[in-house]
Amino acid sequence: MTSPLILGLESSCDDSAAALLRGREVLASVVKGQNELHAAFGGVVPEIAARAHAERLDTCVEEALAEAGVTLQQVDAVAVTAGPGLIGGVLSGVMLAKGLATGLGVPLVGVNHLAGHSLTPRLTDGLAFPYLMLLVSGGHCQFLIVRGAQDFSRLGGTIDDAPGEAFDKTARLLGLSQPGGPSVEARARAGDERRFRFPRPLLDRPGCDMSFSGLKTALLRQRDQLIADQGGLHAQDVSDLCAGFQAAVRDVLTEKARRAIALYLNEAPSEPALAVAGGVAANQSLRGSLQALCAETGVRFTAPPLRLCTDNAAMIAYAGGELLAAGVTHDMSLSARPRWPLDKSAAPLVGSGKKGAKA
């Protein structure tokens, strides 16, 4: 039996995206970023993002259809990010998906954006359930045991800033360009991570929860101290600050991953694996540290290619396909949700939802 052709739509933050998927084959994936629209503001402006999605999503669909060499009438189902995210952007995608599904007379599937990221390793590497997932991005950071397309157990997460948000704020404090992750990583390559010893928050407490807001504050104080002592920042100061900050984030995530792996292995998975996804998963220092940890603990390490780590619609189409296969569809009452936890049984994290574009 031929797998259905699924059109995926993603608009949860500042990337407008459309993709076409058949099974695990990505026929087309189009992503239109908005960096140029938000550059002057030092971060994503929700109103600007929502307007851009409304203008660009239909163009993304047209380009994806052309790239895949199919027509709209050949689409068998429409999957769309229904949350969590910036509500204006999510609403743009949901309304377009409803219109397309209704006009084509095909099923509509609302997808949790976090589930899209969390199921990506099944799309790219065919990972078997259950596997351990580190979702680490500008709006989220959590460890999840993924047991099924609708079965997620959260082992821990950030109680304040997500790592990507902390990278963005660090870049702003040091006068670097946005998005902050690539800028800080680039400068860190020329830096000495041992010059400034930044705190490793919550390592003195048990569990897998994390905190990154204090780390950002420590960097601010070190920057101000340097300016006060020498009348400004030298280029090497910026590189060393970036290297020290990046090392602190890496060390926290690696130690928390060690704890999460221990909990995960208690379930005796037949094919133990740690997957990492989200924009911060592109950081090479973090990847190297997690790969070494997995080699030490006998767990397979996998990370999707960068184009599927960051926000995209291929992951939404794939997650929609898994839900569709399980008999999950939605009607026109599908709503856009700014918050949507994957593990509904877990207690809300302290501070969760207060910070970050998609918290």
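One table, with the values for the structure above:
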| quantity | calculated |
| --- | --- |
| Condition check for residue 155: at pLDDT 95 or above, open to solvent by 10 Å² or more (accessible area, probe 1.4 Å) and either in contact with a Phe, Trp or Tyr (Cβ under 6 Å, 6 or more places away or on another chain) or part of a loop (DSSP other than H, G, I, E, B) (or both) | yes |
| The lone exception for residue 85 - which of (1) in a loop (DSSP other than H, G, I, E, B); (2) surrounded by fewer than 20 Cβ atoms within 10 Å (Cβ to Cβ); (3) within 23 Å of the chain's Cα centre (by Cα) it fails | (2) |
| Which listed residue, of 191, 181, 164, is modelled with pLDDT of 95 or more and crowded, with 22+ Cβ neighbours inside 10 Å | 191 |
| Qualifying residue in the stretch 302-313 (condition: part of a helix (DSSP H, G or I), out of contact with any Pro (no Cβ under 8 Å at 6 or more places or on another chain) and of a type in the set (Gly, Ala, Ser)) | no |
| Subset of the stretch 194-209 that is among the charged types (D, E, K, R) and out of contact with any Lys or Arg (no Cβ under 9 Å at 6 or more places or on another chain) - its residue that is surrounded by the most Cβ atoms within 10 Å (Cβ to Cβ) | 200 |
| Tabulated pairs, the stretch 52-63, first touching a residue at least 24 places away in the same chain (Cβ under 8 Å), second surrounded by fewer than 21 Cβ atoms within 10 Å (Cβ to Cβ), C-beta under 7 angstrom, 6+ apart or interchain | 52/34; 52/37; 56/32; 60/32 |
| Subset of the stretch 54-95 (residues that are under 15 Å from residue 320 (Cβ atoms), touching a helix residue (DSSP H, G or I) at 6+ places or on another chain (Cβ under 9 Å) and among the small types (Gly, Ala, Ser)) | 77, 79, 82, 83, 93 |
| Residues of the stretch 200-236 classified as in contact (Cβ under 8 Å) with a residue 12 or more places away in the chain and either under 15 Å from residue 158 (Cβ atoms) or charged (D, E, K, R) (or both), total | 15 |
| Meets criteria (surrounded by fewer than 17 Cβ atoms within 10 Å (Cβ to Cβ), in contact (Cβ under 8 Å) with a residue 12 or more places away in the chain and polar (S, T, N, Q)) for residue 34 | no |
| Total residues in the stretch 37-51, condition outside any loop (DSSP other than H, G, I, E, B) and open to solvent by 50 Å² or more (accessible area, probe 1.4 Å) | 7 |
| Yes/no for residue 56 being part of a helix (DSSP H, G or I), basic (Lys, Arg) and modelled with pLDDT under 95 | yes |
| Qualifying residue in the stretch 270-287 (condition: surrounded by fewer than 18 Cβ atoms within 10 Å (Cβ to Cβ), modelled with pLDDT under 95, of a type in the set (A, V, I, L, M) and under 30 Å from residue 100 (Cβ atoms)) | no |
| Matching entry among 280, 238, 252 (being more than 25 Å from residue 306 (Cα to Cα), β-branched (Val, Ile, Thr) and in a helix (DSSP H, G or I)) | 238 |
| Those residues of the stretch 210-231 which are over 26 Å from residue 162 (Cβ atoms) and open to solvent by less than 20 Å² (accessible area, probe 1.4 Å), in sequence order | 226 |
| Residue satisfying all of: in the stretch 7-29; open to solvent by 10 Å² or more (accessible area, probe 1.4 Å) and in a strand (DSSP E or B); farthest from residue 319 (Cα to Cα) among these | 15 |
| Count - residues of the stretch 288-304 that are closer than 18 Å to residue 113 by Cα and open to solvent by 40 Å² or more (accessible area, probe 1.4 Å) | 0 |
| Meets criteria (more than 19 Å from the chain's Cα centre (by Cα), of a type in the set (S, T, N, Q) and either closer than 29 Å to residue 211 by Cβ or open to solvent by less than 30 Å² (accessible area, probe 1.4 Å) (or both)) for residue 92 | yes |
| Residue within the stretch 50-64 that is closer than 23 Å to residue 341 by Cα and within 22 Å of the chain's Cα centre (by Cα) present | yes |
| Identity of the residue in the stretch 113-146, at pLDDT below 95 and in a strand (DSSP E or B), that ends up surrounded by the most Cβ atoms within 10 Å (Cβ to Cβ) | 141 |
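The values are calculated or read from the model by the stated rules, or taken from the named source; none is laboratory data. Bear in mind the structure is a predicted one, so any value in this text is a computation, not a measurement. Please note: Cβ atoms are built from the backbone with ideal geometry, for glycine as well, and neighbour counts cover all protein chains shown. Accessible surface is based on the protein model in full, side chains and every heavy atom, while ligands, DNA and RNA are left aside. Shrake-Rupley method; radii C 1.70, N 1.55, O 1.52, S 1.80 Å.
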